[in-house]
1. Can you run down the residue pairs with Cβ atoms below 8 Å, 6 or more apart or on separate chains, where the first is in segment 43-60 and under 15 Å from residue 24 (Cα atoms) and the partner is part of a strand (DSSP E or B) and not aromatic (Phe, Trp, Tyr)?
2. Kindly list, by first and then second residue, each pair from a residue in segment 25-41 that is farther than 10 Å from residue 62 by Cα and in a helix (DSSP H, G or I) to a residue that is at pLDDT below 90 and among the charged types (D, E, K, R), limited to pairs with Cβ atoms under 9 Å and residues at least 6 apart or on different chains.
3. Identify all residues within segment 17-61 that are polar (S, T, N, Q) and more than 20 Å from residue 2 (Cβ to Cβ); write none if there are none.
4. Give me the residue from segment 10-34 that is charged (D, E, K, R) and buried (at least 16 other Cβ atoms within 10 Å of the Cβ) and, out of that set, nearest to the chain's Cα centre (by Cα).
5. In segment 48-67, how many are outside any loop (DSSP other than H, G, I, E, B) and loosely packed, with under 10 Cβ neighbours inside 10 Å?
6. Scanning segment 35-47 for residues that are among the hydrophobic types (A, V, I, L, M, F, W, C) and surrounded by 14 or more Cβ atoms within 10 Å (Cβ to Cβ), which turns out nearest to residue 12 (Cα to Cα)?
7. State which residue is farthest from residue 51 (Cα to Cα) when the search covers only segment 1-21 and only residues that are at pLDDT below 95 and β-branched (Val, Ile, Thr).
8. Kindly list the number of the only condition in (1) touching a residue at least 24 places away in the same chain (Cβ under 8 Å); (2) assigned to a loop (DSSP other than H, G, I, E, B) that fails for residue 20.
Amino acid sequence: MPTSIDRQQLRALRDRGAQLVEVLPASEYEEDHLPGAISLPLRHIDREATRLLDRNRAVIVYCWDSA
C-alpha cells in the first residue's frame, strides 16, 4: 500500500536496505536521479518489476518531475 514519506524516513529505509525506484522515462532518469536509484519507467513497471526488484526488500518509488 503506498505511503508518503519524508527525507528522514527515506534515509532510514535506505539504511535498512530498501530499493529506490525512479519511475520517470529512462531519458529523464539519465538527466537526474537520486544516487543508487533503479530506473523502472512507469510504462514498464508491470513487465520489469519482478526481474529488477528483490521481493524481500522494501521498495521506495519516486517521481522527480520539476515541470
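1. 60/19; 60/20; 60/21
2. Filtered contacts from segment 25-41: 28/65.
3. Let us first name the residues in segment 17-61 that are polar (S, T, N, Q), namely 19, 27, 39, 50, 56.
Across segment 17-61, the qualifying residue is only 27.
4. It comes out as 22.
5. 2
6. Of the residues in segment 35-47, the ones among the hydrophobic types (A, V, I, L, M, F, W, C) are 37-38, 40, 42, 45.
Those left that are additionally surrounded by 14 or more Cβ atoms within 10 Å (Cβ to Cβ): 37-38, 40, 45.
Details: 37: 15, 38: 18, 40: 22, 45: 24 Å.
Checking each candidate, the answer is 37.
7. The residue in question is 5.
8. (2) is the only condition that residue 20 fails.
The values are calculated or read from the model by the stated rules, or taken from the named source; none is laboratory data. What you are looking at is a predicted structure, and each value in this text was computed from that prediction instead of being measured. Here Cβ is always computed from backbone atoms with ideal geometry, including for glycine, and neighbour counts include all displayed protein chains.
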